[in-house]
Amino acid sequence: MRDFLVELSHSPTAQQVVKSLGLPIPLPPVLERSFGATPALPFVGRTFGVCSPEQGPLAVAAVEALSEAGADIVTADRDQVAQWKAAAQAYSRVVSVMDPESGQKLSGLVFDASHFDSILQLDWIYRSMRPFLRTLRKGARIVIISPVPSEKNSAEMEACARGLEGFMRSLSKEMGKKGIGVILCRCPSTGSPSLAGALRYFLSGASAYVTGQPITLGTSGKKLTAGFSWDQPLAGKTALVTGASRGIGRSTAITLAADGAKVICLDRLEEADSLAELTQKINGVALCADITAPDAGQLIQDLIEKESGGLDIIVHNAGVTRDKTLARMSEEQWNLTLSVNLQAIVRVTGQLRVVFNDHARIVLLSSIAGIAGNVGQTNYALTKAALVGLVSAWSNDFKKKGITVNAVAPGFIETRMTAAIPFAIREVARRLNAFSQGGLPGDVAEAIKFFALPSSTGVSGQVLRICGGALVGA
Amino acid sequence: MSEKTTKQKKYSSRPRRAVIVGGVRSPFVKAFGPYLTMDTITLATAVVKALLEKYPLPQGSIDSLVWGGVILPSACPNTAREIVIDANLPRSTEAFTVSRACASGLQAITTAAMAIERGDADIVIAGGSDSTSNAEIQLPQKLVHELAPLAFGKAKPSDLIGSLARLNFAKDVLPRAPKIAERSTGQTMGEAAEDMARRNEISREAQDNLAFESHQRAANAVTTGRFDDEVVPIQCQNGEWVHQDQLIRASTTREKLSKLRSAFAKNGSLTAGNSSPLTDGASATLLMSEEKAESLGLTPKAAILDWAYVGVDPADQLLMGPALSIPKVLAKSGLELGDVSLVDIHEAFASQVLSVVKMLASDSFAQKRLGRKQAVGQIGPAKLNVHGGSIAIGHPFAATGSRMVNTMANELALGQGEFAVLGICAAGGLGASALLQRL
């Protein structure tokens with residue numbers, strides 16, 4: 001689906017014309033996306049700011065993670081250069097003091113507030129983080145690390161955790177015009193094995209359309225071993241993507257395969273042709289089946305046992321919309337939506353329990369419609385919101401085997417489904433976010449891949465919105 | 001306990017060993033200098049003939065000739081075979097060419113050693129040569145694509161006019177100068193080395209100092225006659241003889257080096273003085289199985305214990321390879337850096353050598369990149385590049401590996417220690433190392 005304004009904003013000439021004539025055309029910012037195979041060194045040639053007031057406990061870990069990914073580091077504090085040097089030097093990266101005069105532009109900023117337990121410390125945001133903002137280039141990324149909200153926190157720590165979330169949401173709306181995304185990573189001050197992977201994702205173009213969102217990184221999960229490679233991180237893994245023949249499903253299958261996974265692509269018999277074309281392209285396995293059939297799980301299980309013996313990643317992407325106001329909705333419309341979007345997921349996941357490998361990944365596709373509600377989508381919103389419940393319950397159920405369960409909740413994504421929306425409604429839906437543009441299937445696929453990667457160990461029970469910071473929704 | 005097991009010397013159990021009988025090289029001269037009209041095959045042939053003059057072998061006893069080349073002639077990329085023919089070796093001597101960028105020379109030698117170890121050969125000549133003076137200038141691909149249908153088909157005059165109209169004279173027709181740039185990243189070698197200087201905080205002064213030392217040590221080796229055993233005179237096509245390396249500057253000083261302008265970046269720290277020059281030259285090494293050398297009554301200079309090749313992401317630090325390959329080859333033989341008396345690191349750029357030395361001395365590098373607790377070790381000036389390196393002597397790409405092996409084998413034979421380790425960085429983010437042992 002073409003978006004005229006986004007295309008216009010990619011042309012420097014058009015930008016010049018709009019600016020010099022003072023035309024009232026709001027040009028959306030150009031987002032710097034990077035899709036496809038995860039690069040082992042995504043940040044080579046880029047510089048990131050790390051801001052760590054009062055000796056943030058995660059700063060050194062962040063510096064090390066960024067250096068390992070190829071980034072150079074700047075800080076505002078001269079003393080920190082010496083403290084962080086060893087972490088960066090192992091990867092021959094440079095830590096230097098920020099010089100606002102130099103005109104150097106930063107690709108991102110990490111602000112460590114994971115240890116904030118007094119509301120007075122919140123002043124550091126103004127004093128320490130604000131000076132960095134003007135040095136960020138267009139399309140940069142900001143990650144704020146905050147304490148994890150918990151009943152066990154002191155009152156002031158809890159206030160800090162919640163306060164930072166509100167701050168992050170507002171900042172994301174302010175920075176959206178420049179294509180800058182802002183993310184809140186809730187991380188215990190003792191560290192998390194998934195911090196490095198989260199920084200790689202949330203500071204890169206893979207998460208270009210994700211902004212204004214919190215995510216919690218757990219302390220549990222298998223630590224990445226010395227043998228783990230950031231190159232082809234899904235090599236040897238078997239993945240199943242339902243509804244894989246087009247849109248987000250197709251994009252997800254391609255993205256997982258690019259990182260080395262063997263992808264089983266499932267769709268209905270009617271989609272056999274496009275499914276065959278896809279599996280040939282990614283060297284995957286096609287499976288034509290009706291996911292709502294009672295024996296679907298058995299069919300998948302037989303195939304997995306034949307192919308690899310175990311399943312590492314399942315992406316429940318298949319979904320339908322049958323929109324009508326509740327009063328006018330036919331029973332068939334209601335039943336089909338519930339059957340595909342919810343019942344099949346519960347049944348198939350139950351049937352596949354026996355084939356899940358340890359540390360497997362379950363990713364569900366929720367929707368902003370499920371979180372915010374939409375006219376004519378009572379059936380759809382019901383199912384998509386129900387998935388949020390499944391995520392939190394299953395994340396506990398599956399914890400023992402190290403299996404994580406998460407959901408992504410796409411906002412307005414440019415797919416065949418949204419292309420069918422009438423023009424006026426579509427234009428409004430598309431612009432009502434911090435970036436004034438829709439997302440791409442690849443944006444969602446990258447988020448799914450983030451949850452699927454071994455580096456996201458212990459990240460579970462999360463619902464991540466891929467919505468460009470949409471105004472609607474909680 | 002596990003420390004002990006890795007310390008077990010694997011090489012002792014190997015049934016056959018490859019030994020270095022000797023080696024010779026041409027004097028190295030700057031590109032577009034005295035060897036202008038001598039291509040890589042001509043240079044190599046001269047060196048191979050000189051090697052066989054020095055070590056006369058029974059007729060037909062050479063099993064194979066393995067030759068390294070980086071800038072290969074497109075008309076006969078298997079230069080090795082042409083060398084056999086031009087040097088008038090028996091036509092039954094099989095020959096093949098290997099190419100691994102600047103590690104090609106060492107690749108030829110380790111390939112030869114591999115064949116000897118597994119009993120495929122007893123006597124092998126290995127080496128490498130390159131003539132930057134004879135690099136082929138290619139026509140732009142677009143011109144070739146436009147003209148090929150005209151040349152091979154039945155072209156009408158209108159087709160010719162159409163083709164000409166589609167070509168941009170400046171961009172598509174004029175041949176472009178070859179550039180030593182990475183295909184994947186577009187970064188040139190100099191830019192990569194400049195980046196390494198910045199990342200590893202290698203000062204201009206330190207680089208110039210290494211360059212100065214390189215010239216001093218090489219000049220000293222020439223004046224004391226240390227290189228006489230390994231450098232042979234070459235007759236140019238105009239009849240004149242070149243007897244000595246021509247790039248070594250005994251008279252250079254730190255002050256002179258410090259005044260040179262930066263070569264690869266504005267306000268950069270790399271100069272023509274602390275980088276290796278474009279060079280023409282060839283080098284050859286004679287390898288045999290230990291038994292064969294003995295039966296021919298030859299005294300080998302050193303044995304090839306082991307070798308290791310590594311790769312890093314070219315986007316990371318293009319020329320850091322030896323920082324990984326040196327620890328790898330040491331570990332394979334159960335040795336530590338402290339056991340080694342001689343370290344020879346190819347000097348593509350002073351910044352790259354110093355970066356590698358710094359990485360090897362870093363605990364955090366060892367922990368994060370090598371999975372070992374402590375740094376590999378310090379390399380003092382007393383054992384690093386004892387007779388200078390590529391900055392002073394020159395770097396005909398594929399000849400360098402053989403030059404380093406020859407110099408180190410001679411050094412061991414002269415009693416300067418028991419082990420020598422070599423480290424070579426190469427385009428594409430490759431690293432190469434070999435370990436030699438005195439016999």
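What follows draws every value from the coordinates through simple rules; no lab data is involved. From a predicted model like this one, the values you see are computed outputs, not experimental measurements. Heads up, the Cβs are rebuilt from the backbone with ideal geometry, glycines too, and the neighbour counts pull from every protein chain shown.
Side notes on the structure shown:
- Computed label-point distance, nm, for sites A:ASP290 and B:LYS266 using a 7 Å Cα→Cβ extension: 6.9 nm
- Amide H to amide H, with H built 1.01 Å from N, B:ILE345 comes under 5 Å of B:ASN385, B:GLY423, counting only residues 5 or more places away or on other chains.
- FRET efficiency, A:ILE421 to B:GLU136 (Cβ-Cβ, R0 51 Å, nearest 0.05): 0.30
- Whether region B:104-217 is rounded, prolate or oblate, judged on the alpha carbon gyration tensor where a/c under 1.5 counts as rounded: oblate
- The calculated 222 nm mean residue ellipticity attributable to helices in the protein assembly as shown amounts to -10500 deg cm²/dmol, summing -39500 (n - 2.57) over DSSP H runs of n ≥ 4 and dividing by all residues.
- Over region A:158-271, equivalent-ellipsoid semi-axes from the Cα gyration tensor in Å: 31, 21, 13
- Taking the centroid of alpha carbons for each part, region B:63-117 and region B:124-172 are 28 Å apart.
- Derived scalar couplings ³J(HN,Hα) [region B:138-152; Karplus, 6.51 cos²θ - 1.76 cosθ + 1.60; whole Hz; x for Gly, Pro]: 8, 6, x, 4, 5, 5, 4, 5, 6, 7, 4, x, 5, 6, 9
- Model label zone, A:HIS10; criterion: amide N under 12 Å from point 7 Å along Cα-to-beta-carbon; scope region A:421-452: none
- Largest GNM mean-square fluctuation across B:PRO157, B:PRO300, B:PRO15, computed for chain B with C-alpha springs under 10 Å, falls on B:PRO157.
- More than 15 Å apart - percent of Cα-Cα pairs taken over region B:73-123: 55 percent
- Each eigenvalue of the Cα gyration tensor of region B:231-326, multiplied by 5 and square-rooted, gives one semi-axis; in descending order these are 35, 26, 13 Å.
- Charge context of A:LYS400, other residues only, Cβ under 14 angstrom, K/R +1, D/E -1: +2
- Exercise: per-residue mean of other protein chain Cβ atoms within 10 Å, B:354-366: 2
- For B:THR271, the residues whose modelled amide H falls within less than 5 Å of its own, excluding neighbours fewer than 5 places apart on the same chain, are B:ALA263.
- Within region B:100-187, trypsin sites (Lys or Arg not before Pro) in DSSP loop having at most 16 other beta-carbon neighbours inside 10 Å: B:ARG118, B:LYS154, B:ARG176, B:LYS179, B:ARG183
- Using θ = phi - 60° and Karplus 6.51 cos²θ - 1.76 cosθ + 1.60, couplings along region A:173-182 (whole Hz; Gly, Pro as x): 6, 6, 7, x, 4, 9, x, 8, x, 10
- For chain B, the normalised intensity computed at q = 0.07, 0.10, 0.11 Å⁻¹ comes to -0.35, -0.70, -0.84 (log10 of I(q)/I(0), Debye sum over alpha carbons, equal scatterers, no solvent).
- Spin-label pair B:ALA361/B:GLN235, simplified geometry with 7 Å Cα→Cβ offset, distance in nm: 4.9 nm
- By DSSP, the beta bridges lying fully in the protein assembly as shown are antiparallel in about 35 percent of cases.
- Average silhouette area of region A:19-118, convex hull of alpha-carbon atoms, in square nanometres: 10.0 nm²
- Efficiency of FRET from Cβ geometry, A:VAL17 and A:MET329, R₀ 60 Å, rounded to 0.05: 0.80
- Global geometry of region A:320-441, whether rounded, prolate or oblate, following the gyration tensor of its Cα atoms and the 1.5 cut on a/c: oblate
- Over region A:190-316, relative contact order from alpha-carbon pairs under 8 Å, at least 6 apart, %: 22 percent
- Distant-in-sequence amide H partners of B:GLY68 (H built 1.01 Å from N, under 5 Å): B:VAL98, B:GLY127, B:GLY128, B:SER129
- Here's the picture: charge each Lys and Arg Cβ at +1 and each Asp and Glu Cβ at -1 in region A:317-445, and of A:THR321, A:PHE398, A:LEU338 the one pushed furthest to the positive end of that dipole is A:PHE398.
- Farthest toward positive dipole pole in the protein assembly as shown [+1 Lys/Arg, -1 Asp/Glu at C-beta], among B:LEU324, B:ALA192, A:LEU464: A:LEU464
- For region A:203-249 and region B:271-319, distance of Cα centres in Å: 43 Å
- Cut-off 18 Å, label 7 Å out along Cα→Cβ of B:GLU94, residues of region B:115-141 by amide N: B:115-127
- Compactness of region B:281-413 is given as radius of gyration and Dmax, 16.0, 50 Å, from Cα positions.
- Expressed per residue, the C-alpha convex hull volume of region A:263-389 stands at 118 Å³.
- Nearest-0.05 FRET efficiency for A:LYS177 and A:GLU156, computed from C-beta distance (R0 35 Å): 0.60
- Dipole magnitude (debye, nearest 20) for chain B, charges at Cβ of Lys, Arg, Asp, Glu: 900 debye
- Rounded to the nearest whole Hz, the Karplus-based 3J(HN,Hα) values (6.51 cos²θ - 1.76 cosθ + 1.60, θ = phi - 60°) of region B:332-345 follow the sequence 4, 9, x, 10, 10, 4, x, 6, 9, 8, 10, 10, 10, 10, with x at glycine and proline.
- Dimensionless Rg over Rh [region A:371-474; C-alpha; Kirkwood]: 1.01
- Each residue, A:ASP273 and A:ARG130, gets one label point 7 Å from its Cα in the Cβ direction; the gap between the two is 6.1 nm.
- Translational diffusion of chain A was estimated from the Stokes-Einstein equation, with Rh taken as the Kirkwood radius over Cα pairs; at 25 °C and 0.890 mPa s the coefficient is 107 µm²/s.
- When the inverse distances between all different Cα atoms of the protein assembly as shown are averaged and flipped, the Kirkwood radius reads 31.3 angstrom.
- The separation of region A:278-294 from region A:120-191, counted between C-alpha centres, amounts to 42 Å.
- Under the Debye formula (equal points on every Cα, no solvent term), log10 I(q)/I(0) of region A:195-245 at q = 0.25 Å⁻¹: -1.17
- In a reduced charge model with +1 at each Lys and Arg Cβ and -1 at each Asp and Glu Cβ, chain A shows a dipole moment near 640 debye about its Cα centre.
- Size of charge dipole - region B:125-215 - debye, nearest 20, with Cβ of Lys, Arg +1 and Asp, Glu -1, no other charges: 760 debye
- Rounded to whole Å, sorted largest first: equivalent-ellipsoid semi-axes of region B:47-184, Cα gyration tensor: 42, 17, 13
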